[in-house]
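Peer 1: A single structure is presented below for examination.
Laboratory data are not the source of any read-out in this text; all were calculated from the coordinates shown. Note that this is a predicted model, so its numbers are computed, not measured. Cβ placement follows ideal geometry from the backbone for every residue including glycine, while neighbour counts extend to all protein chains displayed.
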Amino acid sequence: MITFTPLSGAARSSRTVPLAYLLQVDDIRILLDCGSPDWNPENIETQSESGDGVTYPWQEYCDIVRKYAPEIDLVLLSHGDLAHSGLYAYAYCHWDLRAPCYTTLPVQAMARIATMEDVEGIRDEQEVDVEEEETNESVAADGAESSEPRSPKVKNEPKKFVATVQEVHEAFDAVNTLRYSQPTHLQGKCQGLTITPFAAGHTLGGTIWKIRSPSAGTIVYAVNLNHMRERHIDGTVLYRPAAGGVFEPLARPDLFITDADRVNVVTSRRKDRDAALIDAISATLSSRSSLLLPCDSSTRLLELLVLLDQHWKYADFRFPICLLSRNGREMLTFVRSMMEWLGGTVSKEDVGVDGSGRTGGTRRRRGDDDADDEALGAFALRFKFLEFFPSPQSLLQTYSSKEPKLILAVPASLSHGPSRLLFSDFAAVPDNVVLLTSRGEEDTLGRILFDKWNNSQRGDDKWDKGKIGSNVMMDGAMTLKMNSKVPLQGVELEAFLAKEKAAKDREAAHQASMARNQRILEADEDESDEDSDSDSDEEDEVERALDESQMDTDEISNPANGSPRKRKIPKNEDDADWGLDIDEGLTKQLLSFDIYLKGNVSKATSFFKSAGGQTHRFRMFPYVEKKRRVDEYGETIDVGMWLRKGKVLENEAEDEATREARRNQAEGETEAPREPPSKFVTSEVEIQLACRLLFVDMEGLNDGRAVKMIVPQVNPRKMIIVHAQAAAADALIDSCANIRSMTRDIYAPSVGETVQIGQHTNSFSISLSDELLSTIKMSRFEDNEVGYVTGRVASHFSSTIPILEPSGPAIPTPNANILQTPRLLGSRPLQILPRSTMIGELKLTALKSRLASVGVQAELVGEGVLICGAGAKRDQSSSSIQDTVAVRKTGPGRVELEGNVSDIYYVVRKEIYNLHALVAT
């Protein structure tokens, strides 16, 4: 049974991002994507309010992910942007999402970079580790407390689930990477599932997941597709008109999960969009003005960089292209190492430094690092017009605000980071242009600007009508909330320094206490050594005293005459008998003990008491217990050895640190200066809008026409629509309803709504015995091997799963009389031939390509007939009819092969058999 529950990004929802879905196949829970919301939405006070106050958009989503995270058995990531993979790092480190995670290598790298860019930008502007119950005091990054109170809204602000850089690396290091079309058979609890990634387009390494279960069938998860070929990647493999339509391994799945976000959108032609983008950039730079282009940090940025670099080379521009990103250079380094994943025009061009194939003299003009990269073959994606800047301050130090330039700043939503800070200064300058390439998430500044532009267009020029709109002049005022990190000054700085000094004093006192305890341990070790020596001396003295006492005479009272009798005891007499001599005729009463006794011992019936009731005292030889410090395993503890070993390790660590410092100093590396004490502040800035605003769609997604054409050709048995608003989901359902061959089992669940598929199907588990497995003849069909078995089901007490064993003696059948008929002399015995079953459906186009690979020419002549052999050639002769074979399909599962007996006939028949799985019954 299949159970599907959208955690976020469902159909019929106003918020289509982030994407996260829970897919349960039998008892295996799979998390499809784990995106993060935008943590800084605008106008947060306008959100729906509950009885306790404002409900933030990410609260419900994060709570439900935290609830299901420990129960997840498998995680599949489809794209490397924040909407699909942004929350995975935090859930992995804090919510125990430790299930095996699979994706492609580019998605792993791009998701790591996008998440790092997001968490660094947020943590550099605001305190995200504050809990909900924290007071209104402003907490500085270095532990200082600000005297300025925060806004009262901060008191109820929930925790933002933003990971640290170390947690991001830890999480994505644990991700398993796969290649396209690489089937992976899972183990553990997911045993039996097979996952296979296929190219989805839209982003580098974007993935369509094919999940195959022996009980639930085939499930295809395909969201955010693009069938169009772009400059840096190819389109999706799901639909390729040149290859005959829908990709065969993804056709006719049992369940198809896809998105319908852009079903009502008609995208303009690609060349029109590129021309509009380039014309706007060229016109603005030529008028000595600048452009701000908000962009993402990893996925769609590559397409923009390739387009801009090609135009800069063509137009011979000298204007700088400035990329404001902390990880932009690292992202390009990753991409250059994954050239086999690129497609489009990048993979077919010689894109060296000068755009030509000549790279002979470039190594001498570059540094050694670039020369090493070229030696590895990384010639592509070297943008010589691109300059990297980690912050807006570094950009202003290089270029003044009056110089014309193109600025690409992250993030695309303008909710925080460099793009938001630049927009606050950029929007007030006339003739500057803010160029949007994506709509952005709901309730972000990017979406607000897009809505402002879209509402200013005429009805036919809106973005979803297939036209390119015009830029608009912004006017009015806008109030933005700006978060920043400022150094402490004045009284705050003095208070922080005093607090820091007190902390250092406490640390010094703690170190002194630790040193004093160490000296005490060393002193105790020395005393223990002296005690052990004194104990040995005392034992020697006791032994000497014992020897002397044994040489003394023992007086034993004689009850008959009372006269004492002395007796000397040898020193080493081990078998001495200590008794009472009463009379010569009496027997000797022996007293035997494990220790030597000394003194007057009377006749007694008990060892402990005498006959008169008086207790006797027996003297024992002295015994001194040795002081041996051992652990529970009998090992002697040497405290001094551990102390000496610790000192040696500390000295080695200090020596290594000294050598590393010297090495860094020799290489010219200087230690980064310590960050000054600072605090986080929030201010509201009022901006007078005077710039121009333009939107050009560069998201790289399918529009409504492509979705309505591809989905019916996939022809799934059941379909679930996600990531769409209500109008878009209803439009896709209505479109599929008009197609007779399309399924009617189409679901569009909302957030938290559960869809169950196959609840009336009964599935059973059975185990095949080794004896039966050895007799099965398997035939390969697509991705599986099939075979025919017959036997009987047996239950064993040692196993809870029934076992299929070979059946016993054959039951007499109606044909049994054939074997019982008398045979003629010299004739062979009659046998019943086994029947054969061919599994599969013959496609004449597949047979034609297979015959071409073995050197047999074939041609389709119409009406479902394939002519093979000499008859397929144009210059036919009378002799060619002898070597011609015709293959025709006369009905479902019926194929006719017509021709003379020849080599061609047997070759064609063999290839037909190879396209099917032949199972003997």
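Peer 1: If packing is taken as the average count of other Cβ atoms within 10 Å, what order do 677-687, 470-480 fall into, highest mean first? Don't jump to the answer; show the numbers that get you there.
Peer 2: Numbers: 677-687: 15.8, 470-480: 13.8.
With the highest mean Cβ count within 10 Å placed first, the list reads 677-687, 470-480.
Peer 1: Related question: Measure off 7 Å from each Cα along the Cα-to-Cβ vector at H311 and R705, then give the distance between these two points in nanometres to one decimal.
Peer 2: Distance between the two pseudo-spin positions: 2.3 nm.
Peer 1: Based on the Cβ-Cβ distance from I839 to R240, what FRET efficiency comes out when R0 is 22 Å, to the nearest 0.05?
Peer 2: Values: r = 27 Å, r/R0 = 1.21.
Between I839 and R240 the formula returns 0.25.
Peer 1: Something else: Please compute the length gained on full extension between S287 and N43, using 0.36 nm multiplied by the number of residues separating them and subtracting their Cα-Cα distance. Don't skip to the end; give the middle numbers.
Peer 2: Details: separation 244, 0.36 × 244 = 87.84 nm, distance 3.54 nm.
Difference between extended and current length: 84.3 nm.
Peer 1: Which value in nm describes the separation of the simple spin-label points at R519 and K67, placed 7 Å from the Cα toward the beta carbon?
Peer 2: Placing both labels 7 Å beyond Cα along the Cβ direction yields 6.1 nm.
Peer 1: With θ set to phi - 60° and the Karplus curve 6.51 cos²θ - 1.76 cosθ + 1.60, what are the ³J(HN,Hα) couplings of segment 695-712 in order, to the nearest whole Hz, using x for Gly and Pro?
Peer 2: Once θ is set to phi - 60°, the couplings for segment 695-712 become 10, 10, 6, 10, 6, x, 10, 5, 9, x, 5, 5, 5, 5, 8, 7, 4, x Hz.
Peer 1: Another one. Please list, ordered by chain and number, the residues whose modelled amide H lies under 5 Å from the amide H of S8; skip anything fewer than 5 residues away on the same chain.
Peer 2: Residues meeting the criterion, in which the H sits 1.01 Å from N, are A20.
Peer 1: Now, a different point. Kindly write out, for segment 420-436 in residue order, the coupling ³J(HN,Hα) from the Karplus curve 6.51 cos²θ - 1.76 cosθ + 1.60 (θ = phi - 60°), rounded to whole Hz, with x marking Gly and Pro.
Peer 2: 6, 5, 5, 4, 4, 8, 7, 6, 8, 9, x, 6, 6, 10, 9, 10, 9
Peer 1: Within 10 Å, count the other beta carbons around each residue, average over each peptide in 491-502, 734-745, 438-449, and list them highest first.
Peer 2: Values: 491-502: 13.8, 734-745: 11.8, 438-449: 21.1.
Sorting 491-502, 734-745, 438-449 by mean packing, highest first, produces 438-449, 491-502, 734-745.
Peer 1: Hey, another quick one. Suppose R0 equals 45 Å. What FRET efficiency, 1/(1 + (r/R0)^6) with r the Cβ-Cβ distance, do T658 and M482 give to the nearest 0.05? Could you put the intermediate results ahead of the total?
Peer 2: Numbers: r = 44 Å, r/R0 = 0.99.
Calculated transfer efficiency: 0.50.
Peer 1: What is the set of long-range amide H partners of F781 at a cut-off below 5 Å, with H atoms built 1.01 Å from backbone N?
Peer 2: Sorted by chain and number, the residues that satisfy this are V786.
Peer 1: Something else now. Can you give me the distance in nm between label points at A498 and E898, each placed 7 Å from the Cα along the Cα-to-Cβ direction?
Peer 2: 10.6
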